[in-house]
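The values are calculated or read from the model by the stated rules, or taken from the named source; none is laboratory data. Everything quoted here is computed from the prediction, not taken from an experiment. Glycine also receives a Cβ, built like all others from the backbone with ideal geometry; neighbour counts cover every protein chain displayed.
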Amino acid sequence: MDPAMSRLNELIEITRDGQRFYQRAANEVHDNELQGVFRDMAQAKTHVIQALSVKLSAHDEQVSQGGTFAGKMRQLFAETRSRLGGDSRVAYVDQLEEIEDRILKAFEDALDDADAETRALLASELPRLRACHERMQRLKHSLH
């Protein structure tokens, strides 16, 4: 696989970590407002995954369907922390904000060595990713 396409698949995996974690968190917390936020964030990740998948498909490349080990561990940590008697809202928001950090950094790093076409695609998704990141930062600060 072309290195640029491999990098897109890595970004899909990292973004899919966030998507799945938000979906799981929406089912685990008992706060209706927070469930709505988590569903919105999962939808934003779905949009990004779809945009990157179109590019891979256009190059006849297979789109990754998995996530990453690190993403799975972060989700497991949040679930364990919330079950041990902590505030599940705080446990999930803390870890999801970390996921947002990871996604944003991965996309910004990918811009550095991307070809012009890929750079344009990533740049078009960055405002959505930055908005998600900022939303989770605000939410985290409001809960602490």
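Structure data summary
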quantity: Segments classed as helices (runs of 4 or more DSSP H), wholly inside region 1-103, with at least 2 members that are among the small types (G, A, S) and either in contact with a Cys (Cβ under 8 Å, 6 or more places away or on another chain) or at pLDDT 85 or above (or both); calculated: 3-28, 32-58
quantity: Number of positions in region 109-144 that are of a type in the set (K, R) and exposed (fewer than 12 other Cβ atoms within 10 Å of the Cβ); calculated: 1
quantity: Count of residues meeting criterion [crowded, with 17+ Cβ neighbours inside 10 Å, of a type in the set (D, E, K, R) and over 16 Å from R20 (Cα atoms)] in region 95-108; calculated: 0
quantity: Per-region count, region 104-144, residues over 22 Å from D2 (Cα atoms), over 15 Å from the mean Cα position of the chain (by Cα) and assigned to a helix (DSSP H, G or I); calculated: 6
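Matching residues to (1) more than 18 Å from the chain's Cα centre (by Cα); (2) surrounded by 14 or more Cβ atoms within 10 Å (Cβ to Cβ):
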site: S6; (1), (2): no, no
site: A26; (1), (2): no, yes
site: A42; (1), (2): no, yes
site: K45; (1), (2): no, yes
site: H59; (1), (2): yes, no
